[in-house]
Amino acid sequence: MLAEIQERPGIETELIDFATLPIPSDEAGDAAKDPAFAETMNRADAIVIVAPEYNHGYPGLLKHVLDTNLPEYIHKAAGVVGVSAGIFGGARMIQDLLPVLRELGLVTIFWDVNVNNARTRFDESGKLVDGSFLAIDKFIDELVWMAETLRHGREHVTIGGGS
Ligand SMILES: Cc1cc2nc3c(=O)[nH]c(=O)nc-3n(C[C@H](O)[C@H](O)[C@H](O)COP(=O)(O)O)c2cc1C
């Protein structure tokens, strides 16, 4: 996804491996905040979440990391890429994650990427073997549109009337 998004001109991207963030597991919300992650979210216009499906849900660690911020996400665009060993490409994980993203103030696009049969989709270097079935271009088009529209809204449209 990073490589695909980086092909688009005018988009600055940053990869965050949520498994490596220094976020304690015995605190929650602001108390567990990683300042660097919060600052990245503050600057971002959009977030692409790439996550595996575990027992038909999203990884608990992903939820814990997302929960450490809130104002940083509000009125920002979000898209989700599901990865699974099975045939549904993380579809059930995505369905469960959508209401969480909404509660965080993120605005989700109506397009997902579903990487099914993940064990056969990548070569030994980790490169996607055949991504044509994934409609990644459509996903990125929608995400960029939503990110630009929401940025315009954040900068020019006042909540509660007026512009
Ligand atoms: C605890 C656990 C639960 C899983 N549950 C599902 C599942 O519900 N559906 C599915 O298609 N794959 C499931 N898988 C397979 C993962 O989606 C698959 O391994 C995916 O590539 C995740 O990458 P990882 O193995 O590197 O964590 C599960 C894997 C683990 C470890």
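Do we find that residue 13 is farther than 12 Å from residue 68 by Cα, in a helix (DSSP H, G or I) and open to solvent by less than 60 Å² (accessible area, probe 1.4 Å) in this structure? Against the criterion (farther than 12 Å from residue 68 by Cα, in a helix (DSSP H, G or I) and open to solvent by less than 60 Å² (accessible area, probe 1.4 Å)), residue 13 does not qualify. Being within 24 Å of residue 32 (Cα to Cα) and within 16 Å of the ligand (Cβ to nearest atom) is not true of residue 129. Within region 40-69, the set of residues being hydroxyl-bearing (Ser, Thr, Tyr), away from the ligand (no atom under 16 Å from the Cβ) and surrounded by fewer than 21 Cβ atoms within 10 Å (Cβ to Cβ) comprises just one member, 40.
Is it the case that residue 82 is more than 9 Å from the ligand (Cβ to nearest atom) and under 30 Å from residue 152 (Cα atoms)? No; evaluated as a whole, the condition is false for this residue.
Residue 143 meets all of the listed conditions (1) more than 16 Å from the ligand (Cβ to nearest atom); (2) open to solvent by 20 Å² or more (accessible area, probe 1.4 Å); (3) among the aliphatic types (A, V, I, L, M) but one, namely (2). Test residue 122 against the criterion of being without any contact (Cβ under 8 Å) to a residue 24 or more places away in the chain, within 15 Å of the ligand (Cβ to nearest atom) and open to solvent by 80 Å² or more (accessible area, probe 1.4 Å), and give yes or no. The answer is yes for residue 122. All of 109, 140 fail the test of being closer than 15 Å to residue 82 by Cβ and under 20 Å from the mean Cα position of the chain (by Cα), apart from 109. In this structure, residue 27 qualifies as open to solvent by 20 Å² or more (accessible area, probe 1.4 Å), over 19 Å from residue 2 (Cα atoms) and assigned to a loop (DSSP other than H, G, I, E, B).
Residue by residue, here is whether (1) acidic (Asp, Glu); (2) under 21 Å from residue 66 (Cβ atoms) holds:
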{"residue": "96", "(1), (2)": "yes, yes"}
{"residue": "103", "(1), (2)": "yes, yes"}
{"residue": "111", "(1), (2)": "no, yes"}
{"residue": "128", "(1), (2)": "no, no"}
{"residue": "133", "(1), (2)": "no, no"}
{"residue": "156", "(1), (2)": "no, no"}
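Identification of strands (runs of 3 or more DSSP E) wholly contained in region 32-148 with 2 or more residues that are of a type outside the set (Val, Ile, Thr) yields 46-52, 77-83. Of the set (1) more than 16 Å from the ligand (Cβ to nearest atom); (2) surrounded by fewer than 19 Cβ atoms within 10 Å (Cβ to Cβ); (3) not hydrophobic (A, V, I, L, M, F, W, C), all apply to residue 72 but (2). Filtered by the rule that a residue be more than 14 Å from the ligand (Cβ to nearest atom) and among the aliphatic types (A, V, I, L, M), region 85-112 gives 98, 100, 101, 104, 106, 107, 109.
The values are calculated or read from the model by the stated rules, or taken from the named source; none is laboratory data. Small disclaimer: the values here were computed from a predicted structure and weren't measured. Please note: Cβ atoms are built from the backbone with ideal geometry, for glycine as well, and neighbour counts cover all protein chains shown. These area figures cover heavy atoms from the full protein model, side chains too; ligands, DNA and RNA do not enter into them. Shrake-Rupley method; radii C 1.70, N 1.55, O 1.52, S 1.80 Å.
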